[in-house]
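Following: one structure in C-alpha cells, then a few remarks.
The values are calculated or read from the model by the stated rules, or taken from the named source; none is laboratory data. Because the structure is a prediction, the values reported are computed rather than measured. Here Cβ is always computed from backbone atoms with ideal geometry, including for glycine, and neighbour counts include all displayed protein chains.
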Amino acid sequence: MAHVLSLRCRECSREYPVEPLNVCEFCFGPLEVVYDYETINRVVSRERIEAGPRSMWRYADFLPADYNPRTDINAGFTPLIRSRNLAEELGLNELYIKNDSVNPSYSFKDRVVAVASAKALEFGFKTIACASTGNLAGAVAAHAARAGMEAYVFIPADLEAGKVLGAAIYDAAIVAVDGSYDDVNRLCSELADRYPWAFVNINVRPFYADGSKTLGYEAAEQLGWRAPAHAVAPAASGAMFTKIWKGLNEFADVGLIDGPVETRMHLAQAAGCAPIAEAYADGRLIIKPVKPNSVAKSLAIGNPADGYYALKTIEASQGSAVIVAEHEVAEGAKLLARTEGIFTEAAGGVAVSALKRLAESGAIGRDESTVVYITGNGLKTVELVQDVVRPIHISASVDAFEAAVDARVS
Ligand SMILES: Cc1ncc(COP(=O)(O)O)c(C=O)c1O
Ligand SMILES: [Zn+2]
C-alpha cells in the first residue's frame, strides 16, 4: 500500500514494519499506522469519495488495508439524521444523530473489524479472535463468517443474552470468561503470544483502530463537507473517540474540509465505569483503573488502553467529559426512542444523556452544530429497558379493546 509507510510507537516514535504488532519493544508504548499524506493528498478529492461505494470503503485511500470483497459485509456509510424532536426538547437548533446502530452486526464495531479482518487476510491469518465487551463479538463473528475464517470470541461471562446470541449465530466459538473485560483482555494478550491468530483488538490493533476514523469522515461528508462544532461520543477503551477526531483532522489536512478543525470533542461514560471521565474531572492525564459495575456493559473497560489519548483529544479539541448517572443510561435510550424512533443500546443511552447535560449546561450553544454518535442497537440490550414492556392485554373482542383504551386514556 503506497499510502501506508510503517507502524510507529506513539511514545518514543520508533518505527516498525507493517506487521501484526501493537506494542513497542523498547518502551511498551502502543503502535499506530503511519500514512504518507502526500500520496493520499495526490489522489483524494470530494468527487472521488462521492463516486465510491456506499460503505466505509469510500474512504479506502485513508485506510490501512485494501478493500477485500471476501470480508466485506457493507459496514459504514450509516445515516446522519437531522434531529427535530430531540433537538427541540434539548433546545438545540442543529443536532444530528449518527445512527451507527444500523451497521450489519448492529454496532460501529463493524467499521474496525472491516479493516482488521481485511488486514488479517492480507497477513495470511486463518483465524480471527477478539476480547469483547459485547459488540465486537458480533462484528468479528459476522466478518469471519463472510470471509470463511474461524473465529474465537472472548467475552465476560455476564454479558447480555442478545450480545452472546448476536455472535454465536454466526457459528463463532464463544468463550465466556469468569471475570471482567479487563480479565478477558489480559487472557487474550497471553493467548495472542501462543496462537497464530489475528486478535483484532490486540496484535492487529493499530489497523483495527483506524477503522473508526471513518466515523469522523462520514459525519463531515454528510454535513456537506464540514466538521461539526461539537461531537458527543461514548467511550470504553477511548480508541473510537480519538479516531473520530483524527478522521476530522485528516480531512482538514488534505483540504477536503476547512481547517483547523474546531470541533469540541465530548466523551461520555456511565458512573459505574468512568475512568476516563473521572480523570478529566480531576484534571489528571493519568488513568486510575476502576472495577466496572455499570449497566452500560459495552463501555465497561476499567483500564482503558486509549484513555490517556482520549484525554489528550479532549484537551486538543477544548472538549469535555461527562459522567452520566447509572439511571440516566436507560433514560437516554428511552429519550432517543421516544423522540426520534431510534432504539439504541446502553452506550447510546450514555451518549444521549451526556448530550442532554451538555445542552442544559450551555456547554453546547443553541445554534452550534452537534453530532451525537449512536454506536449500537437497542435490541442487543433489551434488559436495560424491560420496564417499558407494558402490552395492553385483552380478549379478542371490540368491547374488550375499547374498554382497555378507555382505561388507558382515563
Ligand atoms: C456500542 C459501543 N459504543 C462505544 C464503544 C466504545 O469503544 P472504544 O472502546 O473504542 O472506546 C463500544 C465498545 O465496545 C461499544 O460497544
Ligand atoms: Zn516506544
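I'd like to check something: does the range 36-46 contain any residue that is under 23 Å from the mean Cα position of the chain (by Cα), away from ligand 1 (no atom under 16 Å from the Cβ) and outside the structural domain of residue 198 (by TED's automatic domain parsing)? Scanning the range 36-46, I find no residue that is under 23 Å from the mean Cα position of the chain (by Cα), away from ligand 1 (no atom under 16 Å from the Cβ) and outside the structural domain of residue 198 (by TED's automatic domain parsing), so the answer is no. In the condition set (1) touching a residue at least 24 places away in the same chain (Cβ under 8 Å); (2) assigned to a helix (DSSP H, G or I), residue 367 is compliant with all but (2). Note on the range 340-364: residues that are surrounded by fewer than 16 Cβ atoms within 10 Å (Cβ to Cβ) and without any contact (Cβ under 8 Å) to a residue 40 or more places away in the chain amount to 3.
In the range 10-31, the residues that are touching a residue at least 60 places away in the same chain (Cβ under 8 Å) form Cβ pairs under 6 Å with partners that are within 7 Å of ligand 2 (Cβ to nearest atom), at six or more places apart or across chains, as follows: 10/29; 31/9. Listed by first and then second residue, the pairs linking a residue in the range 88-112 that is within 19 Å of residue 131 (Cβ to Cβ) to a residue that is within 16 Å of ligand 2 (Cβ to nearest atom) and at pLDDT below 95, with Cβ atoms under 6 Å apart and 6 or more places separating them unless they lie on different chains, form an empty list. Could you please let me know if residue 278 is away from ligand 2 (no atom under 16 Å from the Cβ), charged (D, E, K, R), farther than 28 Å from residue 184 by Cα and touching a residue at least 24 places away in the same chain (Cβ under 8 Å)? Considered against the rule, which asks whether it is away from ligand 2 (no atom under 16 Å from the Cβ), charged (D, E, K, R), farther than 28 Å from residue 184 by Cα and touching a residue at least 24 places away in the same chain (Cβ under 8 Å), residue 278 comes out as no. Within the bounds of the range 63-73, is there any residue that is over 22 Å from residue 149 (Cα atoms) and crowded, with 19+ Cβ neighbours inside 10 Å? No, the range 63-73 contains no residue that is over 22 Å from residue 149 (Cα atoms) and crowded, with 19+ Cβ neighbours inside 10 Å. When the residues of the range 9-27 are filtered to those that are within 25 Å of the chain's Cα centre (by Cα) and surrounded by fewer than 18 Cβ atoms within 10 Å (Cβ to Cβ), the one that is farthest from ligand 1 (Cβ to nearest atom) is 19. Please determine, by comparing only the residues of the range 150-169 that are in a loop (DSSP other than H, G, I, E, B) and without any contact (Cβ under 8 Å) to a residue 60 or more places away in the chain, which one is nearest to residue 304 (Cα to Cα). Among those residues, the one meeting the criterion is 157. Scanning the range 370-410 for residues that are away from ligand 1 (no atom under 16 Å from the Cβ) and either touching a strand residue (DSSP E or B) at 6+ places or on another chain (Cβ under 8 Å) or outside any helix (DSSP H, G or I) (or both) yields a total of 11. Considering the conditions (1) surrounded by 14 or more Cβ atoms within 10 Å (Cβ to Cβ); (2) away from ligand 2 (no atom under 16 Å from the Cβ); (3) among the small types (Gly, Ala, Ser); (4) not assigned by TED's automatic domain parsing to the domain that holds residue 200, residue 6 is excluded by exactly one of them, (2). As a summary of the residue check, residue 177 satisfies the conditions (1) without any contact (Cβ under 8 Å) to a residue 24 or more places away in the chain; (2) in contact with a helix residue (DSSP H, G or I) (Cβ under 6 Å, 6 or more places away or on another chain); (3) closer than 30 Å to residue 365 by Cβ except for the one numbered (3).
Among 337, 403, which is assigned by TED's automatic domain parsing to the domain that holds residue 97 and either free of Cβ contacts under 8 Å to residues at least 12 places away in the same chain or surrounded by fewer than 21 Cβ atoms within 10 Å (Cβ to Cβ) (or both)? Working first, answer last.
Numbers: 403 fails: assigned by TED's automatic domain parsing to the domain that holds residue 97.
One residue alone meets the criteria, 337.
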